[in-house]
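Colleague: Mind having a look at this structure? Questions to follow.
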There are 2 protein chains.
Amino acid sequence: MSKKYVDLETLKYILYDIHKLEDLLTRERFQDHDMESLNLFIDSVKEFSDRELYPYFQEMDATPAYHKDGTVIVHEQVYKVMLQSGELGIIAAAFDYEDGGLQIPFSALQAAVYIMDAANNHLPGYPSLTQGAAELITEFGSQVLKDTYVSKMLSGVWGGTMCLTEPQAGSSLSDIVTRATPTANDFYKITGQKIFISGGDNQFSENIIHLVLARIEGAPKGTKGISLFVVPKNRPKEDGSLEYNDVMTVADFQKMGQRGYCTTHLGFGDKDDCRGWLVGEEHKGLAQMFLMMNGARIAVGRGAAAIAMAAYRTSLQYANERPQGRKLSADGKKNPSEKQSLIIEHPDVRRMLLLQKAIVEGSLSLVMLASKYQDIVATATSKEEKEKYHLLLEMIIPIVKTYPSEAGAESVDNGLQVLGGYGFCTDFTLQQYYRDIRISALYEGTTGIQSQDLLGRKVTMHNGKGLELLATEIMQTIMVASKDDELKGYAAILGDKLKLSQKVIGKLMPFAMKGNYERYLSDANLFMEYMSIVVLGWLWLEMAVDAKKEVGNADRKYSETFYESKIHTMKFYFKYEVPKTNSLAESLMSDEVVTIKNDKEYII
Amino acid sequence: MSKKYVDLETLKYILYDIHKLEDLLTRERFQDHDMESLNLFIDSVKEFSDRELYPYFQEMDATPAYHKDGTVIVHEQVYKVMLQSGELGIIAAAFDYEDGGLQIPFSALQAAVYIMDAANNHLPGYPSLTQGAAELITEFGSQVLKDTYVSKMLSGVWGGTMCLTEPQAGSSLSDIVTRATPTANDFYKITGQKIFISGGDNQFSENIIHLVLARIEGAPKGTKGISLFVVPKNRPKEDGSLEYNDVMTVADFQKMGQRGYCTTHLGFGDKDDCRGWLVGEEHKGLAQMFLMMNGARIAVGRGAAAIAMAAYRTSLQYANERPQGRKLSADGKKNPSEKQSLIIEHPDVRRMLLLQKAIVEGSLSLVMLASKYQDIVATATSKEEKEKYHLLLEMIIPIVKTYPSEAGAESVDNGLQVLGGYGFCTDFTLQQYYRDIRISALYEGTTGIQSQDLLGRKVTMHNGKGLELLATEIMQTIMVASKDDELKGYAAILGDKLKLSQKVIGKLMPFAMKGNYERYLSDANLFMEYMSIVVLGWLWLEMAVDAKKEVGNADRKYSETFYESKIHTMKFYFKYEVPKTNSLAESLMSDEVVTIKNDKEYII
């Protein structure tokens, strides 16, 4: 089943050849690793995914997680995958040695978990969130907290979650009301409700460690009064035994997709006996959580990119096997005596497949780019390097969260369409990918939130320095591509689109300057779409530059067709996707204001 | 629950005021009807939908139709709605008096069934398909066939289906192999398999009448050798009793959405005892079926438009009730001490709502336009009138099938997003609309098939006469709008887009002339998108022209806000949707060819 759900060759090509994982290995943190060992790690996760994830993909959809007797009943594979993710070192991979980790580059880990996402997106969230929760403890927690929780979490024996959302607040974290009351001991009393908690409970794990945002009594209003707490489902006593910590599983949300990945409603301190331990400083909770949030947002993009990959592989296989219809002959008719064509021979089906390939592989490159930036920031050897890549990462974060989620859903939609009526039937997995991927544009900050982050915070941070750095990176690829006769036309187009983006910002910025932020941000979603296309155009041009260099090379790593397919897909992207920037720019620069509320309500 | 799932005011506005139903009533066929009686008919269907359809919408999704003991078990509401649709005259509404019908205009019937679709899209297909099957019999069948079947079908006691698709042929009808063997009697022996048969069986109906495409032995290959047969599940004997006709229900396809509307696999003549009666002439089956197909395609567009309407109403209600976040103040910050805003106050939410409103009400106008054309063709008093409106109808058919299906799905997608995480949860209906509407782009000819029909057949028919007539209609609205100071700018834009469409066709046509049909049609889907935006832009401009006329009118029918909201939504459509034509035109006119297969396969 080598390419059934993931194209491992393309994954390694993008990680090794395009984003040059090997260059990272010179850094001190990664000195014990070489390409062979990392390649082995990735292959072992592929083997693990073939064996323990992919076979349960449809089954976990058919038997969703549900609430029963105060817990959540999940598929037994959840626990198996948690424990084996611990054993294989997947949860601990990127942690420091001193915290029990393996100091594997974040990028290599993302590539590995991408395979798991593609195999069965209902499962990797459990170990991933556990990893994220453990990371918060190691990064900001006291030694006692580290000693108490981290090793059990990295081994997959205990699960972990992030508890942000509350029923009355939704995306507006400044409105959270979960309360932390100081006590005479080292803990606080926690009371409140949290909803949409992924991996919030299950019948197997002996413990789940919740990282909870709450407000210490008397804290300032808004996001500046939020603190972070470790709140275990069961609190470890001194003798090592566990005692129930008054964390109640109130319900499990039933969802349209990703039904095997539970989404719980938790109640803390119903009996006034829920203890929480402060992580880091008081009132700094949101900032700490947000440091980890970059990883979580890359993870959502990664998951969406992987689902779209699996859907593409499935629809491609179908298109290569299903005969239907015939080519038109020169008189515009079809000859019914001729053999039927395979549907992959029809231009419209090819368009749908190439659109998927462009989105899927482009998204993968975007995820690996963000991961590389994350690695460089974490291991930077100078202040300049750290600042540069930090700003580049901040620019890319909202895009890596959003593009694979939005375009990925469109990609799966096209994959479903390739199968015709069968795409809508539950015997085929396309409809499941279609349902599963839809959550990506919602969780960890909706597309609207990400778009406001991009235009409202990232474009303006450090007086536009991040945007400038990103433009410089793009220009470098444009300059290289300009020297190639076949590529220079595409390079010129991308240069124009980059310039046009500056014109768009030039049109919008005065609104911000004049304090009209509502107007400045009103079309942030369109700006997100615009910038995503520019970034993806860049990544495809970068891939084409490399492919051009290798395709005629006698000792090239992959087949001639492999490299040619990358160049071909770049051309597709520039023909069908890049032109969309024109209409987006037209809408963005229009003086017609129709989405800002005035005295009358026309939306009826 | 007046606007819970449908905005009846807008429906009537579009049917009565925009498309001027009253003008049709002067025609002889409709002379017994007046606006009051038709209004009453529509209101009675609304009341019926409130009572018998809407309350079962979620329940029918939760308990899908399934195959058991050789039949399909459907929700009991299926049978109730069938019988009451018979009693209320919904099935018979548009039939001739002599066939037991009421001669109600097709447009008025579509408006009524639209309400049913919006209330619960799992149900109206059963009576609608029965009506379509009965129509084929009355139109082409012998008197004996009419006498035997039609009245039982129009009363909803017997169901009806259309059986086209076969497992090996899919959309390629020239490859169907179901066989009809002549006998010494008045019937043929039928053998074969049909799949994706909507409403193919249920445990309640005493009979289901299948209209089956099959090939008489020795018939020519391809679509010219296909004939049409009536094949009842149970054949009526002379004494009126029924005898099993060897039509086997093999399976029921389980689907992602529209789960209460069964989709069956039927086997004919497994025991060599399946009788079919020829309808109309030998080998003319496909042409006859396609005469009825226009109605079926309008019905798909109508259903999709209605689902999008229901989703819009639901998300609008949520946006008006859910507080979350705050407006940005002049320093770009939010003040957490302020009361939370309702989400309808955020520009991005307003954009998603207005996009829905533009697609939903625009689609409704498109469905009513096609229905009006259908009425005019059916009652034309001159050859010229008949030909003109026949060509206009033919032009609009692929668009009315496709635009509400594709843009409608996008509309529902935005509705789901308005609800944030709740949109993905099964407690809310948005996710169900999201799943349900997705079938619309697949059945009765996929979007790919419709697009090839539009560019390949409709644009070129009668030397482009249909396109010319459509352009003339659009120009008339442009001319009227040009006289209004507020509207003339939009009119000019639409005129430009119309011109640009001619340029696009001018670029493509030479490929067809040179016999390169594959290249001519390779981007037919983009052309469909282009023309859909032009047609919708026209319909919105038309609505704005009327609203401008009425808004200051003291004795106007609806509120000032009602009319203003139409003008506002037109402006939204021109700001956000119309510009997309530019990028579509750019892709369509590009000389880069990447979707036509050559010697090498790059899609890997």
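Colleague: For each of B:PHE204, A:PHE527, count neighbouring Cβ atoms within 10 Å of the residue's Cβ, then give the residues from fewest to most.
Modeller: Ranked by crowding around the Cβ, least crowded first: B:PHE204, A:PHE527.
Colleague: Further question: Hey, which of these cross-link pairs are over 27 Å Cα-Cα: B:LYS465/B:LYS507; A:LYS20/B:LYS597; A:LYS488/B:LYS499; A:LYS333/B:LYS465; A:LYS597/B:LYS483?
Modeller: Going by Cα-Cα distance, A:LYS20/B:LYS597; A:LYS488/B:LYS499; A:LYS597/B:LYS483 fall outside the 27 Å limit.
Colleague: Quick check: convex hull of the Cα atoms in the stretch A:411-508, volume per residue, rounded to a whole Å³?
Modeller: Dividing the Cα hull volume of the stretch A:411-508 by its residues yields 157 Å³.
Colleague: Give the value in nm², to one decimal: projected area of the alpha carbon convex hull of the stretch B:11-61, averaged over all directions.
Modeller: Average of the hull's projected areas for the stretch B:11-61 equals 4.7 nm².
Colleague: Considering the zone a paramagnetic label at A:GLN317 would reach in this model (a point 7 Å from Cα along the Cα-to-Cβ line), which residues of the stretch A:110-146 have amide N under 13 Å from it?
Modeller: A:119-120
Colleague: Taking the Cα-to-Cβ direction at B:LYS386 and at B:ASN463 and moving 7 Å from each Cα, how far apart do the two end points lie in nm?
Modeller: So the label points at B:LYS386 and B:ASN463 sit 2.2 nm apart.
Colleague: What net charge do the residues around B:ILE115 carry, taking every other residue with its C-beta under 11 Å from that of B:ILE115, with Lys and Arg at +1 and Asp and Glu at -1?
Modeller: Local charge sum for B:ILE115: -2.
Colleague: Next question, about the same structure. For B:GLY141, what charge total do you get from the other residues with a beta carbon under 12 Å from its beta carbon, if Lys and Arg give +1 and Asp and Glu give -1?
Modeller: -4
Colleague: Each residue of the stretch A:581-595 in order: what ³J(HN,Hα) in whole Hz does its phi give by Karplus 6.51 cos²θ - 1.76 cosθ + 1.60, θ = phi - 60°, with x for Gly and Pro?
Modeller: Each residue of the stretch A:581-595 in turn: 4, 5, 6, 4, 5, 4, 5, 5, 9, 5, 8, 6, 10, 10, 10 Hz.
Colleague: Can you compute the equivalent ellipsoid semi-axes for the protein assembly as shown, i.e. the square root of 5 times each eigenvalue of the Cα gyration tensor, sorted largest first and rounded to whole Å?
Modeller: 51, 33, 32
Colleague: How many angstrom lie between the Cα centre of the stretch A:468-496 and the Cα centre of the stretch B:405-460?
Modeller: Between the Cα centre of the stretch A:468-496 and that of the stretch B:405-460, the gap is 37 Å.
Colleague: Sticking with this structure for a sec: I want the local charge near B:ALA287. Using Cβ-Cβ distances under 11 Å, sum +1 for each Lys or Arg and -1 for each Asp or Glu among the other residues.
Modeller: In short, +1.
Colleague: From the label point of A:LYS80, set 7 Å from Cα along Cα→Cβ, how far away are the matching label points in the other copies, in nm, ordered shortest to longest?
Modeller: Result, one decimal in nm: 4.5.
Colleague: What is the average number of partner chain Cβ atoms found within 10 Å of a Cβ in B:282-293?
Modeller: What the average comes to for B:282-293 is 0.
Colleague: What FRET efficiency, computed as 1/(1 + (r/R0)^6) with R0 = 45 Å and r the Cβ-Cβ distance, is obtained for B:ASP427 and A:ASP484, rounded to the nearest 0.05?
Modeller: Efficiency computed from Cβ-Cβ geometry: 0.25.
Colleague: Across the Cα atoms of the stretch B:446-594, what radius of gyration and what greatest pairwise Cα-Cα distance (Dmax) are found, in Å?
Modeller: Cα-based Rg and Dmax for the stretch B:446-594 come out at 17.5, 60 Å.
Colleague: Let me ask something else about it. With θ set to phi - 60°, apply the Karplus curve 6.51 cos²θ - 1.76 cosθ + 1.60 along the stretch B:488-493 and write out the HN-Hα couplings as whole Hz, x wherever there is a Gly or Pro.
Modeller: Per-residue couplings from phi come out as 5, x, 5, 4, 5, 4 Hz.
Colleague: About its Cα centre, what dipole magnitude does chain B give when the only charges are +1 on Lys and Arg Cβ and -1 on Asp and Glu Cβ, stated in debye to the nearest 20?
Modeller: That gives chain B a dipole magnitude of about 1580 debye.
Colleague: 222 nm [θ] for the protein assembly as shown, helices only, -39500 (n - 2.57) per DSSP H run of 4+, per residue, to 500?
Modeller: -16500 deg cm²/dmol
Colleague: Would you mind listing the distances between the A:GLU560 label point and the same position in each other copy? Use 7 Å along Cα-to-C-beta, nm, one decimal, shortest first.
Modeller: Label-point separations across copies, in nm and ascending: 7.4.
Colleague: Further question on the same structure: Which whole-number percent of Cα pairs in the stretch B:6-96 have a distance greater than 19 Å?
Modeller: The proportion of pairs with Cα distances above 19 Å equals 56 percent.
Colleague: Check which residues have an amide H placed less than 5 Å from B:SER142's amide H, if you skip close sequence neighbours.
Modeller: Those lying under 5 Å, H to H, from B:SER142 are B:GLY280.
Colleague: Tell me, what does the Kirkwood hydrodynamic radius of the stretch A:163-248 come to in angstroms if you use every pair of distinct C-alpha atoms?
Modeller: Here the Kirkwood hydrodynamic radius works out to 13.8 Å.
Colleague: Return one number: the angle in degrees, 0 to 90 and rounded to the nearest 10, between the long axis of the Cα atoms of helix B:125-140 and the longest principal axis of the Cα atoms of chain B.
Modeller: Roughly 60 degrees between the two axes.
Colleague: List the trypsin sites (Lys or Arg not before Pro) within the stretch A:497-541 that DSSP assigns to loop and that have no more than 14 neighbouring Cβ atoms inside 10 Å.
Modeller: A:LYS514
Colleague: To the nearest 10 degrees, how steep is helix A:35-48 against the longest Cα principal axis of chain A, on a 0 to 90 scale?
Modeller: For helix A:35-48, the angle is close to 80 degrees.
Colleague: A further question on this structure: Viscosity 1.002 mPa s, temperature 20 °C: give me the Stokes-Einstein translational D for the stretch B:277-380 in µm²/s, with Rh taken as the Kirkwood radius over C-alpha pairs.
Modeller: It comes out at roughly 122 µm²/s.
Colleague: Still on this structure, please answer the following. Would you please calculate the Kirkwood hydrodynamic radius of chain A over all C-alpha pairs and express it in Å, rounded to one decimal?
Modeller: 25.3
Colleague: Let me ask something else. Only counting other Cβ atoms within 10 Å, I'd like A:GLU564, B:GLU238 sorted with the fewest neighbours first.
Modeller: B:GLU238, A:GLU564
Colleague: Hey, can you grab everything whose amide H is under 5 Å from the amide H of B:GLY160? Only 5+ residues off in sequence or another chain; H modelled, so Pro and N-termini drop out.
Modeller: For B:GLY160, the qualifying residues are B:THR130, B:ILE209.
Colleague: Using θ = phi - 60° and the Karplus relation 6.51 cos²θ - 1.76 cosθ + 1.60, list the HN-Hα couplings for the stretch B:81-86 in order, rounded to whole Hz, with x at every Gly or Pro.
Modeller: 5, 4, 5, 6, 5, x
Colleague: Place the label 7 angstrom along Cα→C-beta at B:ILE596 and in each other copy, then list the distances from the first to the rest in nm, shortest first.
Modeller: Reported distances to equivalent positions: 4.9 nm.
Colleague: Same structure, new question: When A:MET479, A:MET509, B:MET395 are ordered from fewest to most other Cβ atoms inside 10 Å of their Cβ, what list results?
Modeller: A:MET479, A:MET509, B:MET395
Colleague: If amide hydrogens are placed 1.01 Å from N in the peptide plane, which non-local residues have theirs closer than 5 Å to the one on A:GLN254?
Modeller: B:THR426, B:ASP427
Colleague: What relative contact order, as a whole-number percentage, does the stretch B:446-594 give when Cα pairs under 8 Å and 6 or more residues apart are counted?
Modeller: 28
Colleague: Find the centroid of the Cα atoms in the stretch A:360-374 and in the stretch B:217-255, then give the distance between the two in whole Å.
Modeller: 55
Colleague: Please give the Cα centre distance for the stretch A:145-216 versus the stretch B:499-543, rounded to the nearest Å.
Modeller: Computed from Cα coordinates, the inter-centre distance equals 56 Å.
Colleague: How high is the relative contact order of the stretch A:16-155? Use alpha-carbon pairs under 8 Å, at least six apart in sequence, and give a whole percent.
Modeller: 26
Read-outs: derived from the displayed coordinates by stated rules, not from any lab. Predicted model only: the values in this text are computed from it and were never measured. Because the Cβ atoms are built from the backbone with ideal geometry, glycine has one as well, and the counts that use them run over all protein chains shown.
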